[in-house]
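Student: There's a structure below that I have some questions on.
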Amino acid sequence: MTRFVGQLTLGLLLTPLLLTTPGSAQVRRPATTTTSTFTPRFEAIAETRFLMEGLTNANYRSVHRLLKDRPTDNETWAFIRGQAILIAESGNLLLLRPPRNDGRDTWMKLGMDLRDKATALAKAAGNRDFARCRTALEAVTLSCNRCHQTFRVPVRVGPEADPNERDAE
Ligand code: HEC
C-alpha cells in the first residue's frame, strides 16, 4: 500500500514539472466577474492515518534518505525540494482535520508549524544549501513528533525509527 501511494506521490510531484511551460500555470480571470456569495466547502476525504502514510511520511522518509549525504546533482536537489513542498502541503491538509473534541487550536498551530518548517526545508533545498537543509530537516522531525506527542499518537519519526518502512521512491 505504502509503495503504491508512494508512486502516486511521485507521479503527483513529477507531473507539474513535466507539464509546466512558462506562464501555463497562471490562473486567468473569468470573462465575467460578478460579486459572488458562494463559499466553497472544504471536506477532508482521506483518513489522517492514510494521509500520514501516503503523503507526509512517504515524502519525509525519502527526503531523510536523500539528505544523508550532500546531493551531487541538480535533479536530486529538485526532488528534495518537491518532496519537502508536499510535506508542507500536507500541513495544510491537516488543517482540514482537527480533532472533534478538545485541542482544535493546538492542532491547527501544529499543522501550521509543520507547513512552515517543511517550507523552510524546501527553500534550503532550492538554494542547494546542505547545512541549512540538515537543520531544517531536524526542525521538521521535531514538528512531526511534537504533534504526535501532544495528541498521544504512539509514533516517533526520525532516522532510527521504523527501519522497515518504505519511502516514496
Ligand atoms: C498536526 C498533527 C500532526 C503532525 C504535524 C504530524 N502528524 Fe503524523 N499523525 C498524526 C495523527 C493524529 C496520527 C494518527 C492517525 C490515526 O491513526 O488515525 C499520525 C500518524 C502518523 C503515522 C502512522 C501512520 C499509520 O499508518 O498508522 C506516521 C508514520 C506519521 N504520522 C508520520 C508523520 C510525519 C513523518 C510527520 C512530519 C513530517 C507527521 N506525521 C506530522 C498527526 C500529526
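Throughout, read-outs are computed from the coordinates displayed, never taken from laboratory work. The structure displayed is predicted, hence computed values, not measured ones.
Student: Sorted from largest to smallest, which semi-axis lengths in Å does the alpha carbon gyration tensor of region 45-169 give for its equivalent ellipsoid, taking the root of 5 times each eigenvalue?
Tutor: 25, 15, 13
Student: For ARG49 and ASP69, calculate 0.36 nm times their separation in residues minus their Cα-Cα distance, and state this gained length in nm to one decimal. Walk me through the intermediate numbers first.
Tutor: Values: separation 20, 0.36 × 20 = 7.20 nm, distance 2.99 nm.
Full extension of this stretch gives 4.2 nm more.
Student: Work out, step by step, the length gained on full extension between ARG100 and ALA78: first 0.36 nm times the residue separation, then minus their alpha carbon distance; give nm to one decimal. The partial results should precede the final answer.
Tutor: Working: separation 22, 0.36 × 22 = 7.92 nm, distance 3.76 nm.
Between ARG100 and ALA78, full extension yields an extra 4.2 nm.
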